[in-house]
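What follows is calculated from the coordinates using simple rules that are stated; it is not laboratory data. Owing to the predicted nature of the structure, the values given are computational and were not obtained by experimental measurement. Cβ atoms come from the backbone with ideal geometry, glycine included; neighbour counts cover every protein chain shown.
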Amino acid sequence: MKSLNPCFVANWKMNKTGSESKTYLRDFVKRLEQSSSEQHADVVLAPPFTALSSVSEALNAIQAEIGLAAQNVYFESSGAYTGEISAQMLKAIGCRYVIIGHSERRSLFGESHADIHKKLKAVQDAGLLPILCIGESMQERKSGKTWSILETQLKLGLGYNIPDQDLWGNISDGLIAYEPVWAIGTGEPPIPSEVAAVHQKIGAFFLEYTSHQCPRILYGGSVSEKNIGAFMKEDSIDGVLVGGASLSPESFHKIVQTGAATKARR
Ligand code: PGA
């Protein structure tokens, strides 16, 4: 069953060692404890693989209500796959979520739609929640292909082309993150109403093609303390996936605080 809480995910990408992560967490948790607007918000941290166990142990020690996410996963459960990490390993370390199909993985590491679908399935089979990222490039946007690109990413990522798939469209407990590639790390996000229109189309897609509820939909790409309020005012934006601005506990806390307070007023 889909949660109604707004969701704030910090994607640290390839930043922070285990000890830097613990320092961040101490500061961030102190800030959370001093404010109350985040009570009905899901907060998730996605450190790099090497910091997952430090963050997991620190979260357990303080019993913090913060979810742990991995930034990637391999789709096999075990075996001779040098350098890869399975969903079962992530679960054993305390992860609840896994980011799948981030545009950096698609473009820099050649992840295909088929890889992404296999990862989604592996994550769900392990009882973890996927955060499936989709997004169009600037060139695709300029040539008017935004929706057809997103639709293809959704269909193939969710396994529409695979016959007899119970999984098809069933990620109600997970999350979709709409991240236009051209907005990631550029400081130039789209206007919130444009994002809201895309999110509504994603909702309509679930209605048209699947018998499952549409999951919560996050926006990602140059989210900051300054623009979070405007994004969260949109009913169809259920939260955000934050890269650069999540690296400072102060700024990620402000994003969570302002974002949760804005949603609570709606
Ligand atoms: P950004 O990254 O917030 O630095 O633009 C977002 C992301 O890539 O998830």
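List of remarks:
- Long-range amide H partners of G135 with built H, under 5 Å: E179
- Neighbour count of at most 14 Cβ within 10 Å plus DSSP loop: longest GluC sites (Glu not before Pro)-free window in the chain: 85-266
- Spin-label model, S19/I162: points 7 Å from Cα along the beta carbon direction are separated by 4.3 nm.
- Shown in residue order for segment 57-63 are the 3J(HN,Hα) couplings computed by the Karplus curve 6.51 cos²θ - 1.76 cosθ + 1.60 at θ = phi - 60°: 4, 5, 5, 5, 4, 9, 6 Hz (x for Gly and Pro).
- Ellipticity estimate at 222 nm from DSSP helix runs (n ≥ 4, -39,500 (n - 2.57)) divided over the chain, nearest 500: -13000 deg cm²/dmol
- Summarising the label geometry, the points placed 7 Å from Cα in the beta-carbon direction at D235 and S77 lie 4.3 nm from one another.
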